Amino acid sequence: MSTAVVVGSGPNGLAAAVRLAQAGIDVTVVEAYDRPGGGTRTSELTVPGVLHDECAAFHPTGVASPYLASLGLERHGLRWLWPEIDLAHPLDDGRAGLAGRDPALTVQSLGADAAGWNRMFGAAVRNFDDLIAEVFQPMTHLPRHPITLGRFGLQAVLPATLAVRRFADDPAKALFMGVAAHAFNRLDGPLSSSVGTMLAAAAHAVGWPVAEGGTEAITRALLATLSELGGKVITGTRVTSLEMLRDLIGERPDVVILDTAPAGALEIVGDRLPGRVRRGLTRYTYGPAAFKVDFAIEGDIPWRNEDCRRAGTLHLGGSAEQVARIEAGTVRGEMADQPFVLLGQQYLFDPSRSSGNTNPIYAYAHVPHGYSGDATEAIIGQVERFAPGFRDRIIATSTRSPAEFEAYNANYVGGDISAGANTMRQILLRPRLAADPYSLGVPGVYLCSAATPPGAGVHGMGGFNAAQAALARLV
Ligand SMILES: Cc1cc2nc3c(=O)[nH]c(=O)nc-3n(C[C@H](O)[C@H](O)[C@H](O)COP(=O)(O)OP(=O)(O)OC[C@H]3O[C@@H](n4cnc5c(N)ncnc54)[C@H](O)[C@@H]3O)c2cc1C
């Protein structure tokens, strides 16, 4: 029987492990933290009984992932729950742009811009499964749906600041800019619409659901699947070399898949990396960081805009111009007084996360790479801007700075929760220019983390694709 070790137990690592185990390989997953899950853990961070998603919270890529869907994770308790309104972007004048599976919401909130919005995303929404099949693979593949991919490409290539010019009014402009800001990059460069186009189309096609009981339900379901297939998990063990793996499983594994950032791969594989691979991984760049605050609050957030009280995800950053300006400054290393904040109200659609009338609120700000200050007040300020009185409802907080993110998970270099900057080069060729981006150029050794295609997000597709590459060469 062939043996494999997967280093790291994020969704990509676990997906890789499950795929290898499905092929009859004896798989061991080795995780540095004391609990598996990577970016998919849920904990009582503030008050007993109140559940907070430590990292990922909303799962458009999870519910759209062909590989996760093929596993039937519902058998192991995974249940997606959809917000009434998937996404809201409030403005200072009390209006808000809304997006979600119900088209009436978008029409109502965007008014005259609704038709333009539909033209922008209609084709991607209608052909969403085909589009996913294309973009969840490396860019170097031969497309099976060239027309769908081509239409998406024409929209994705635009700078977001240019894409919003087709809209007349602020709600539509800001709504798109907020989604585009998920790229954690400047929004005035080529391809800065790509992440936003994908996520906006997903909001309409499949929604931005949460996992019942918290994102950790995804980890639990993947672990149960792996265990059924005979896979094992070792926690509390940070891997620093390939030699360590031989000691851990008692023999040299036939396959090693690293769910690590390129920085981790450089450390673990070291001098064995061929020069071109080493140079590619050394050149790989990391982007801005997140500063996260989890709140326990009494009751609900008193949003000025009523629709925001029914939304799962909220983007707090004001107008499209403000968001684009803030993001550009963040990339340059400037901390904004009013940073872009992503806020989650998962509990509204999943009451199992609350304790009585004490509810969890999830929020993080985009901050410069390695930012060493405290963004808590700036985050509270942004919520107060659109929901005066929020501060008075706070019972407890738990914060995680960029340095604490990196200590928690080595893949978040400098607090970069995307495991690598979404520059034009790294959107197209992640982590480096190569026919097989998963191969590390050492026989049997692969990379599968969010630093590989299709990039950040809970979808397991990097893991699946890397495992497929490994299996193809194992015979
Ligand atoms: C604050 C935050 C919010 C996010 N929000 C969302 C969201 O709403 N929706 C979404 O889809 N995505 C979101 N993401 C991104 C998502 O969590 C990640 O893209 C995803 O988890 C990446 O999966 P992965 O398997 O590549 O790596 P990770 O989930 O990062 O897991 C990597 C694992 O490898 C382990 N590891 C690393 N190096 C070593 C080593 N040397 N030895 C042993 N173990 C090692 C780490 O400890 C970690 O457990 C968010 C992330 C963060 C941090």
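The values are calculated or read from the model by the stated rules, or taken from the named source; none is laboratory data. Note that the structure is predicted; figures quoted are calculated from it, not measured. Glycine gets a Cβ as well: all are built from the backbone with ideal geometry, and neighbour counts include every protein chain shown. To get the accessible areas, we keep the full protein, side chains included, count just its heavy atoms, and leave off ligands, DNA and RNA. Shrake-Rupley method; radii C 1.70, N 1.55, O 1.52, S 1.80 Å.
Pick out, from 48, 68, 104, the residue whose Cα sits farthest towards the positive end of the charge dipole of segment 1-124, with +1 on the Cβ of Lys and Arg and -1 on the Cβ of Asp and Glu.
Value computed over the given set: 68.
Would you give the gap between the C-alpha center of segment 141-166 and the C-alpha center of segment 229-252, rounded to a whole Å?
42 Å
If you look at just the Cα atoms of segment 327-367, how large are its Rg and its Dmax in Å?
Rg then Dmax for segment 327-367, in Å: 14.6, 43.
Calculate the spin-label point distance for residue 144 paired with residue 240, positioning each point 7 Å from the Cα along the beta-carbon direction, and give it in nanometres.
Result: 4.5 nm between the two label points.
Please work out the FRET efficiency for the pair residue 43 and residue 306, using the Cβ-Cβ distance as r and a Förster radius of 25 Å; give the result to the nearest 0.05.
The formula returns an efficiency of 0.20 here.
Please say if segment 64-118 is rounded, prolate or oblate, where rounded means a/c under 1.5 for a ≥ b ≥ c the square roots of the C-alpha gyration tensor eigenvalues, and otherwise the choice is prolate for a/b larger than b/c and oblate otherwise?
Prolate shape, in that a/c is at least 1.5 and a/b is the bigger ratio.
For the chain, return all DSSP H helices satisfying: extent of Cα atoms along own axis at least 24 Å; mean Kyte-Doolittle hydropathy at least -1.0.
Once both thresholds are applied, nothing remains.
When only alpha-carbon atoms count, how far does segment 202-297 stretch along each of its three principal axes, as whole angstroms with the largest first?
Over segment 202-297, Cα extents along the principal axes are 49, 38, 31 Å.
How big is the dipole moment of the chain about its Cα centre under a simple scheme where the beta carbon of each Lys and Arg is +1, that of each Asp and Glu is -1, and everything else is neutral? Debye, nearest 20, please.
Taking the Cα centre of the chain as origin, the dipole is about 1360 debye.
Farthest toward the dipole's positive end in the chain, which of 83, 293, 464, given Cβ charges of +1 (Lys, Arg) and -1 (Asp, Glu) about the Cα centre?
Result: 464, furthest along the dipole toward the positive end.
What base-10 log of the normalised intensity I(q)/I(0) is obtained for segment 1-143 from the Debye formula, alpha carbons as equal point scatterers, at q = 0.08, 0.12, 0.21 Å⁻¹?
Ignoring solvent entirely, the Cα scatterers give -0.36, -0.75, -1.37.
For segment 384-475, just list the percent of Cα-Cα distances falling in each 10 Å bin from zero outward, please.
Result returned by the calculation: 15, 32, 25, 15, 8, 4, 0.
Quick one: with all protein chains in place, what share of the accessible area of the chain is carbon or sulfur, to the nearest percent (1.4 Å probe)?
52 percent
Considering all projection directions equally, how large on average is the shadow of the alpha-carbon convex hull of segment 304-355, in square nanometres?
5.0 nm²
So, by mean Cβ neighbours within 10 angstrom, what's the order for 410-423, 453-466 with the highest one leading?
Ranking the peptides 410-423, 453-466 by packing returns 453-466, 410-423.
If packing is taken as the average number of other Cβ atoms within 10 Å across a peptide's residues, how do 426-435, 57-66 rank, most packed first?
Ranked from most to least packed, the peptides come out as 57-66, 426-435.
Over the Cα atoms of segment 236-360, what is the Rg over Rh ratio if Rh follows Kirkwood?
1.15
So the label point goes 7 Å from the Cα of residue 224 along Cα→C-beta, right? Which residues of segment 54-82 then have their backbone N under 11 Å from it?
What the label zone holds, given the 11 Å backbone N cut-off, is 73-79.
How big is the Cα convex hull of segment 146-228 in projection, averaged over all directions, in nm²?
Answer in nm², one decimal: 8.0.
Alpha carbons only, please: Rg and Dmax for segment 324-462, in angstrom.
18.2, 59
From the backbone phi of segment 62-68, what are the Karplus-calculated ³J(HN,Hα) couplings (6.51 cos²θ - 1.76 cosθ + 1.60, θ = phi - 60°) in whole Hz, Gly and Pro given as x?
x, 6, 8, 5, x, 6, 4
Project the alpha carbons of segment 140-192 onto their principal axes and report the range along each, largest first, in whole Å.
38, 23, 14
Once you charge only the Cβ atoms, +1 for Lys and Arg and -1 for Asp and Glu, what is the size of the charge dipole of segment 1-92 about its Cα centre, to the nearest 20 debye?
400 debye
Per residue Cα convex hull volume for the chain, in cubic angstrom?
Convex hull of Cα atoms, per residue: 124 Å³.
Please give the net charge around residue 21, taking every other residue with its beta carbon less than 12 angstrom from that of residue 21, where Lys and Arg add +1 and Asp and Glu add -1.
Neighbour charge sum, excluding residue 21 itself: 0.
Over all Cα pairs of segment 80-180, how is the pair count split among 10 Å bins, expressed in % and running from 0 up to the last occupied bin?
The calculated distribution, bin by bin, is 14, 41, 33, 11, 1.
Note the full-extension length gain between residue 188 and residue 251 as 0.36 nm times their separation in residues minus their Cα-Cα distance, in nm to one decimal.
Between residue 188 and residue 251, full extension yields an extra 17.6 nm.
Between residue 35 and residue 107, what FRET efficiency follows from the Cβ-Cβ distance if R0 is 45 Å, with the result rounded to 0.05?
So, using R0 = 45 Å, E works out to roughly 0.55.
Limiting things to C-alpha atoms, what are the Rg and the maximum Cα-Cα separation (Dmax) for segment 434-475, in angstroms?
In Å, with Rg to one decimal and Dmax whole: 9.9, 31.
According to the Cα gyration tensor, what semi-axes, each the square root of 5 times an eigenvalue, does the equivalent ellipsoid of segment 289-385 have, listed from largest to smallest in whole Å?
26, 15, 10
Using R₀ = 51 Å, calculate the FRET efficiency as 1/(1 + (r/R₀)^6) where r is the Cβ-Cβ separation of residue 352 and residue 276; round to 0.05.
0.55
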